[in-house]
Amino acid sequence: MTEWGSLGKLFIGVGAVIVLVGGLLLLAERVPGAGSLLGWFGRLPGDISIKRDHFSFFFPLGTSLVLSVALSLVFYFIAWLFRR
């Protein structure tokens, strides 16, 4: 039963972090100059963008790779801290 309790706490913690990051992104729009800090997001080399007359397709491949590496490093660091 303790495994389910710790899993529930993990989900609550992850949800709280997502809400916090979302709130910070909303506030970043209102601060002059802070919105340009994430201007690269979705416009990296390797992001696929196709625009035609009545069709548009966007697949952020480069951005996905950067986010995957960054999140892997963050979670590796968190796991390393808990193993100590």
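Determine which member of the set F55, F75 is surrounded by fewer than 10 Cβ atoms within 10 Å (Cβ to Cβ) and either charged (D, E, K, R) or out of contact with any Phe, Trp or Tyr (no Cβ under 7 Å at 6 or more places or on another chain) (or both). Being surrounded by fewer than 10 Cβ atoms within 10 Å (Cβ to Cβ) and either charged (D, E, K, R) or out of contact with any Phe, Trp or Tyr (no Cβ under 7 Å at 6 or more places or on another chain) (or both) holds for just one of F55, F75, which is F55. Looking across region 1-18, the residues that are among the hydrophobic types (A, V, I, L, M, F, W, C) and under 18 Å from F75 (Cα atoms) come down to L7, L10, F11, I12, V14, A16, V17, I18.
Go through region 4-19 and count every residue that is open to solvent by 80 Å² or more (accessible area, probe 1.4 Å) and within 27 Å of F58 (Cβ to Cβ).
3
Looking only at residues that are assigned to a helix (DSSP H, G or I) and surrounded by fewer than 10 Cβ atoms within 10 Å (Cβ to Cβ) in region 30-52, which one is modelled with the highest pLDDT?
This residue is R30.
For region 1-15, indicate whether the set of residues that are at pLDDT below 90 and not in a helix (DSSP H, G or I) is non-empty. There is at least one residue in region 1-15 that is at pLDDT below 90 and not in a helix (DSSP H, G or I).
The values are calculated or read from the model by the stated rules, or taken from the named source; none is laboratory data. Being a predicted model, the structure only gives us computed values, none of them experimental. Cβ: placed from backbone, ideal geometry, glycine included. Neighbour counts: every protein chain shown. Just so you know, the surface numbers come from the protein's heavy atoms only, side chains and all, with ligands and any DNA or RNA stripped out. Shrake-Rupley method; radii C 1.70, N 1.55, O 1.52, S 1.80 Å.
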